[in-house]
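The values are calculated or read from the model by the stated rules, or taken from the named source; none is laboratory data. These numbers come from a predicted model, not from an experiment. Please note: Cβ atoms are built from the backbone with ideal geometry, for glycine as well, and neighbour counts cover all protein chains shown. Just so you know, the surface numbers come from the protein's heavy atoms only, side chains and all, with ligands and any DNA or RNA stripped out. Shrake-Rupley method; radii C 1.70, N 1.55, O 1.52, S 1.80 Å.
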Amino acid sequence: MSQSPSLAFEVTERPDRLAEAERNVILANPGFGQKFSDHMALAVWRKGEGWGDARITAYGPLQLEPSAAVLHYAQEIFEGMKAYKHADGSVWTFRPEANAARFARSAHRLALPAMEEEDFLESLRALVKTDLDWVPDSTTGEASLYLRPFMFASEAFLGVRPAAEVTYCLIASPAGSYFSGGLKPVSLWISEHYSRAGIGGTGAAKCGGNYAASLAAQIEAGEHGCDQSVFLDSVEQKYIEELGGMNVFLVYKDGRIVTPELTGSILEGVTRSSILELAKELDLTPEERRISLEEWRTGAESGEITEAFACGTAAVVTPVGRLVWTDGEVRTGPEGEGGEVATKIRESLLDIQTGRAEDTRGWLTRLV
Ligand SMILES: *Cc1c(COP(=O)(O)O)cnc(C)c1O
């Protein structure tokens, strides 16, 4: 069982909260990651002292020395979660212990200090309670308050070693439907020049550096008329790994849904694991194994593979319409809208998260 938090986030409310009318304009059409709630959580870790200085304060610019290690050596990790306001006004989040555990694993890989699960959860509770009015009503659509915890080397020091001062921060951003106007399939470009991660690297950690490494491929995707890149394994350039920020599933005609097995260079998504668990109840057979690019191409051509989708907290489930490479492309899902299976999985997850369906697995944790 979880312990009680050792950090108390002391709340200093800002006197100049955004006026209700203005906030409601934002909540009516929040977009994604553009607007932020009134406050943020902060805590500072110092070598020899541990975590302290935990507080909720006005959202605003951070003071950082130009020599802060994160700006030079990218010692940084983050998480992505959502808070949902249910019909009775209570606010819940989805499997936060999985995010806390991943945050701890990422911290270990990036030589950052561990944060106790209970302290991580306490920061979520404290911020969401302070900015409760910023949590959109999740009872009908899929609106939520996106939560972004992150941790970075804030020590002002240019030597290369794990920082002796680290800052933890949590910000919150109202999020509407990722797809305004219905599910729109994305097209994927197969990156042959760039890898996202390699064996022994940081692929399994949620760190900003992985995202920086994925951006050149993203540009390449755009140049080929695609929305995103899908990365192959860095050794043989043969097996599917994932997108820059989402895991991937293929749907087979016989009801199997297959996702690449975790290799150490793939990020273990909470959405991915939840879909694997939900599959049986939706009459699907989950499978984790290596998938070659060739299998995807030929399966999509023959009709053996009927759909493909990407998944992650931000967009939940995103159908994939086309798979494109240097000298060819194949359709890998229905045109115009998402396939049946992707839509069914998406709805099931959202129904649990937003409180429209019963949470039989104890996946939800109440924040407020
Ligand atoms: C965050 C992330 C995902 C999705 O993880 P969720 O826990 O489902 O949000 C997938 N791939 C990468 C590289 C990620 O950073």
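When K344 is tested against (1) within 21 Å of E79 (Cβ to Cβ); (2) away from the ligand (no atom under 16 Å from the Cβ); (3) part of a helix (DSSP H, G or I), exactly one condition is not met: (1). Looking at region 159-274, the strands (runs of 3 or more DSSP E) lying wholly inside it that each contain 2 or more residues that are more than 11 Å from the ligand (Cβ to nearest atom) sit at 165-175, 186-190, 228-232, 247-252, 256-260. Scan region 76-90 for residues that are away from the ligand (no atom under 16 Å from the Cβ) and open to solvent by less than 20 Å² (accessible area, probe 1.4 Å) and the total you get is 1.
Of the residues contained in region 199-212, none is found to be outside the structural domain of E49 (by TED's automatic domain parsing), at pLDDT below 95 and surrounded by 15 or more Cβ atoms within 10 Å (Cβ to Cβ). Scanning region 298-307 for residues that are open to solvent by 50 Å² or more (accessible area, probe 1.4 Å) and either within 16 Å of the ligand (Cβ to nearest atom) or not in a loop (DSSP other than H, G, I, E, B) (or both) gives T298, E301, S302, T306. Exactly one residue out of L232, L293, L250 is closer than 19 Å to G321 by Cβ, open to solvent by less than 10 Å² (accessible area, probe 1.4 Å) and assigned by TED's automatic domain parsing to the domain that holds T306: that is L250. Within region 236-252, residues that are under 20 Å from V270 (Cβ atoms) reach partners that are open to solvent by 10 Å² or more (accessible area, probe 1.4 Å) and aromatic (F, W, Y) with beta carbons closer than 9 Å, at six or more positions or on different chains, in the pairs G244/Y211; G245/Y211.
When V270, V258 are checked against the criterion of being open to solvent by less than 20 Å² (accessible area, probe 1.4 Å), within 25 Å of R322 (Cβ to Cβ) and assigned by TED's automatic domain parsing to the domain that holds L232, V258 stands alone in meeting it. Scanning region 1-52 for residues that are β-branched (V, I, T), assigned to a strand (DSSP E or B) and within 24 Å of the chain's Cα centre (by Cα) gives a single hit, V44.
Within region 48-67, residues that are more than 20 Å from F36 (Cα to Cα) and hydroxyl-bearing (S, T, Y) sit with their Cβ atoms under 7 Å from residues that are in a loop (DSSP other than H, G, I, E, B) and open to solvent by 30 Å² or more (accessible area, probe 1.4 Å), at 6+ positions apart or across chains, in these pairs: S67/F157; S67/L158. A single member of K206, K238 is among the basic types (K, R) and under 24 Å from A98 (Cβ atoms), and it is K206. Would you please name the residue that is nearest to the ligand (Cβ to nearest atom), looking only at residues in region 60-74 that are open to solvent by 20 Å² or more (accessible area, probe 1.4 Å) and under 16 Å from V44 (Cβ atoms)? Looking at residues that are open to solvent by 20 Å² or more (accessible area, probe 1.4 Å) and under 16 Å from V44 (Cβ atoms), I get V70. Being outside any strand (DSSP E or B) and touching a residue at least 12 places away in the same chain (Cβ under 8 Å) is the filter; apply it to region 308-335 and report the residue that is most open to solvent (accessible area, probe 1.4 Å). So the residue we want is E335. One residue stands out among those in region 336-353 that are out of contact with any Pro (no Cβ under 9 Å at 6 or more places or on another chain) and acidic (D, E): the one that is surrounded by the fewest Cβ atoms within 10 Å (Cβ to Cβ), which is D351. Here G321, G336, G355 are screened, and the one residue that is small (G, A, S) and more than 23 Å from the chain's Cα centre (by Cα) is G336.
For region 199-221, residues that are of a type in the set (G, A, S) and without any contact (Cβ under 8 Å) to a residue 24 or more places away in the chain total 2. Taken over region 275-289, the criterion of being assigned to a loop (DSSP other than H, G, I, E, B) and crowded, with 16+ Cβ neighbours inside 10 Å is satisfied by L284 alone.
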